[in-house]
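I have placed the structure first, in the form of structure tokens, so that the comments after it can refer back to it.
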Amino acid sequence: VVVTGTASGKSLCYQLPVFESLLEGESTALFLYPTKALAQDQLKGLSRLATGHPDLLKVMNAGVYDGDTQVATRRKIRDGANVMLSNPDMLHQGILPSHARWGRFLRNLRYVVIDEMHTYRGIFGSHVGNVLRRLERVVANVGGEFSYVLCSATIRNPGQLAHALTG
């Protein structure tokens, strides 16, 4: 759990380990954001950062998978991406119900990043927590194992919320 002020560089806390993991071999990462706009913005930042490392550009295949993603692009992301940016609802409705098609991505999943974790409170937070537990079961079933990274700029009890979300 990383909690610091806005625009303090929290993203680097998970981007750099993900980059290192990609360079070491076959692995995937799932970045969850509360809004589609934030996922698009973060993809631009991720791509900008990756341009500074030619080897990373060769191995990183990142894409946003949300309700606005075209069907052909969704297939490309499912079949070839190693970094996917999405949201909890798309994970719940678009990925987990067809987890057999996502076997490669889920089996190689090493990081699940939950950004802006303070937005997942109350009933919606309970729903997201259940979706994450479902993700854990599916990933374990295909032989994968991952670590969570949770980030927020504004929250009083980050450890308590992280535990409620991820168990």
Fill in the blank from the handout: N82 passes all but one of the listed conditions (1) touching a Leu at 6+ places or on another chain (Cβ under 7 Å); (2) at pLDDT below 95; the exception is number (2)
Exercise for the section: Grab the strands (runs of 3 or more DSSP E) fully contained in the stretch 49-154, keeping just those with 1 or more residues being open to solvent by 10 Å² or more (accessible area, probe 1.4 Å) and without any contact (Cβ under 8 Å) to a residue 40 or more places away in the chain. Expected result: 62-64, 147-152
Exercise for the section: Please tell me if L32 is in contact with a strand residue (DSSP E or B) (Cβ under 6 Å, 6 or more places away or on another chain) and buried (at least 20 other Cβ atoms within 10 Å of the Cβ). Expected result: yes
Problem - Residues satisfying the stated conditions in the stretch 65-91, i.e. β-branched (V, I, T) and either touching a Phe, Trp or Tyr at 6+ places or on another chain (Cβ under 9 Å) or on the phi > 0 side of the Ramachandran plot (or both) - result: T73, I77, V83
Fill in the blank from the handout: G9 fails exactly one of (1) open to solvent by 50 Å² or more (accessible area, probe 1.4 Å); (2) at pLDDT below 90, namely (1)
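The values are calculated or read from the model by the stated rules, or taken from the named source; none is laboratory data. Just so it is clear, the structure is predicted and the values come from calculations on it, not from any experiment. Using ideal geometry, Cβ is built from the backbone for each residue, glycine included, and neighbour counts are taken over all protein chains shown. Accessible surface is based on the protein model in full, side chains and every heavy atom, while ligands, DNA and RNA are left aside. Shrake-Rupley method; radii C 1.70, N 1.55, O 1.52, S 1.80 Å.
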